[in-house]
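Colleague: One structure, as structure tokens, below. Some questions next.
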Amino acid sequence: MIMINTYAESRLHKTLKNLYAADSQGMVEQEVAGKICDIVTRDGSIIEIQTGSLSKLHGKLGVLLPHYKVKVVYPLVVRKTIETRKKDGTLVSCRKSPKKQCLLDMFAELTALFPYLLDKNFILEVLEVSVVEHRIKEDAPVQLANKSRRFKRDWYKEDKSLEVIHATHQFASAQDYLSLLPQELPETFTIKEASSMLKGRNVPRMLWVLRKMGLVEQVGKQGRSMILKKREPGD
């Protein structure tokens, strides 16, 4: 039985779901163990498309992973075009957003999922994508329904759609995650040293997640800074 769970589905989510369903010859919106899953493939594995917060999957993964193989697909927006229209569809503006994500930004979403990242049934597939963010212009500044705006603005986000998938990265093993650390990193290092090499704002969060996964360990202190060391698989 196909379950309907698409009342708030974005174009980005729907497009990715349809692409992965077609590629895997899977069925969409299926109930498995009391949970509605985006795709169930022909071999019975599950694909979850998550365009929002990955932490929302914590409970679902806890139920599914002991019994099913689960791939979580997460798009990172490396390029965004903002398209603003009036309510009648008239184009007001179209511009490139200065905000760009990089691969290390995925760790901002992994702090709640670290217990599952090395589970034998779990795969994380991260997509580098370009999207179009669709906005509707209002006649006067408005607050959002969830009251999340600090200051009212004269537009609101209507939807987000996929433009291009630039690259795909899979993470299933300890080595997949450790490969994100630079090869020239010394045997022991500080967060500051790693950050200067990687030049990513989420390097501290990445190292926090890797520590929770048991892939990086603290071996000492240098003033207030932790001295860290990679733990290779099998250590």
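Colleague: Tell me which label goes with the value of Kirkwood radius over Cα pairs in Å computed from the coordinates here: [x] 20.0; [y] 19.0; [z] 20.8.
Modeller: Given [x] 20.0; [y] 19.0; [z] 20.8, the calculated one carries the label [x].
Colleague: Using modelled backbone amide H atoms (1.01 Å from N, in-plane), which distant-in-sequence or interchain residues come within less than 5 Å of E158's amide H?
Modeller: H134, R135, I136
Colleague: Can you tell me the accessible area per residue over segment 1-157, all protein chains present, probe 1.4 angstrom, in square angstrom?
Modeller: 56 Å²
Colleague: HN-Hα J couplings of segment 109-119 from phi, Karplus 6.51/-1.76/1.60, θ = phi - 60°, integer Hz, Gly and Pro as x?
Modeller: With the stated coefficients, segment 109-119 comes to 9, 9, 5, 8, 9, 4, x, 9, 5, 10, 4 Hz.
Colleague: In nm, to one decimal, how far is the H169 label point from the K199 one, both placed 7 Å along Cα→Cβ?
Modeller: Each label point is offset 7 Å from its Cα along the Cβ direction, giving 1.6 nm.
Colleague: Round to the nearest 0.05 the FRET efficiency obtained for R211 and T90 when R0 = 30 Å and r is the Cβ-Cβ distance.
Modeller: It comes out at approximately 0.05.
Colleague: Here's a follow-up. Compute the Cα gyration tensor for segment 5-69, then decide on rounded, prolate or oblate, letting a ≥ b ≥ c be the square roots of its eigenvalues: rounded whenever a/c is under 1.5, prolate when a/b is larger than b/c in the other cases, and oblate in all that remain.
Modeller: Note, shape of segment 5-69 comes out oblate.
Colleague: Got a number for carbon plus sulfur as a percent of the chain's accessible area, 1.4 Å probe?
Modeller: Details: 6540 of 13450 Å².
Summing carbon and sulfur atoms, their accessible area is 49 percent of the total for the chain.
Colleague: Note down the relative contact order for the chain as a percent, whole number, built from C-alpha pairs under 8 angstrom at least six residues apart.
Modeller: Values: 432 pairs, mean separation 36.6, N = 235.
That works out to 16 percent.
Colleague: Moving on. Sequence gap at least 6, Cα distance under 8 Å: using those rules, report the relative contact order of segment 1-117 to the nearest whole percent.
Modeller: Working: 156 pairs, mean separation 21.5, N = 117.
Rounded, it is 18 percent for segment 1-117.
Colleague: Please list, in order along segment 171-178, the HN-Hα scalar couplings obtained from phi with the Karplus expression 6.51 cos²θ - 1.76 cosθ + 1.60 (θ = phi - 60°), rounded to whole Hz, x for Gly and Pro.
Modeller: Per residue, the Karplus-derived 3J(HN,Hα) values read 10, 9, 10, 4, 5, 4, 6, 5 Hz.
Colleague: Just in segment 1-101: which chymotrypsin sites (Phe, Trp or Tyr not before Pro) are loop by DSSP and have at most 10 other Cβ atoms within 10 Å? The partial results should precede the final answer.
Modeller: Numbers: sites: Y7, Y20, Y68; in loops: Y7, Y68.
Answer by residue number: Y7.
Colleague: Whose amide H sits under 5 Å from the amide H of V73, counting only residues 5 or more places off or on another chain, with H placed in the peptide plane?
Modeller: Close amide H contacts, sequence-distant or interchain: E48, I49, Q50, E125.
Colleague: Please identify the chymotrypsin sites (Phe, Trp or Tyr not before Pro) of segment 137-235 that satisfy two criteria: DSSP loop assignment and at most 11 other Cβ atoms within 10 Å. Which are they?
Modeller: Counting only loop positions with at most 11 other Cβ atoms within 10 Å, the chymotrypsin sites (Phe, Trp or Tyr not before Pro) in segment 137-235 are F151.
Colleague: Ranked highest first by the average count of other Cβ atoms within 10 Å around their residues, in what order do 223-232, 23-32 fall?
Modeller: 23-32, 223-232
Colleague: In whole Hz, what ³J(HN,Hα) sequence does segment 163-169 give by Karplus (6.51, -1.76, 1.60; θ = phi - 60°), x for Gly and Pro?
Modeller: 10, 8, 9, 8, 7, 10, 10
Colleague: Give me the distance in nm between label points sitting 7 Å out from Cα along the Cα-to-Cβ direction at K100 and K229, one decimal.
Modeller: For K100 paired with K229, the spin-label model returns 3.7 nm.
Colleague: Moving on. Taking the Cβ of K71 as the center, what net charge do the other residues with Cβ under 9 Å away carry, scoring Lys and Arg +1 and Asp and Glu -1?
Modeller: Taking every Cβ under 9 Å from that of K71, the sum is -1.
Colleague: Mind scanning K86/K160; K56/K160; K96/K192; K14/K69; K160/K212; K35/K99 and naming the pairs with a C-alpha gap bigger than 24 Å?
Modeller: K96/K192; K160/K212; K35/K99
Colleague: Decide, for segment 35-152, between rounded, prolate and oblate: order the square roots of the alpha carbon gyration tensor eigenvalues as a ≥ b ≥ c, take rounded if a/c falls under 1.5, and otherwise choose prolate if a/b is larger than b/c, else oblate.
Modeller: Because a/c hits 1.5 or more and a/b exceeds b/c, segment 35-152 counts as prolate.
The values are calculated or read from the model by the stated rules, or taken from the named source; none is laboratory data. Treat the numbers as computed from the prediction; the structure is a model and nothing was measured. Here the Cβ is made from the backbone with ideal geometry for all residues, glycine too, and neighbour counts use every protein chain on show. Just so you know, the surface numbers come from the protein's heavy atoms only, side chains and all, with ligands and any DNA or RNA stripped out. Shrake-Rupley method; radii C 1.70, N 1.55, O 1.52, S 1.80 Å.
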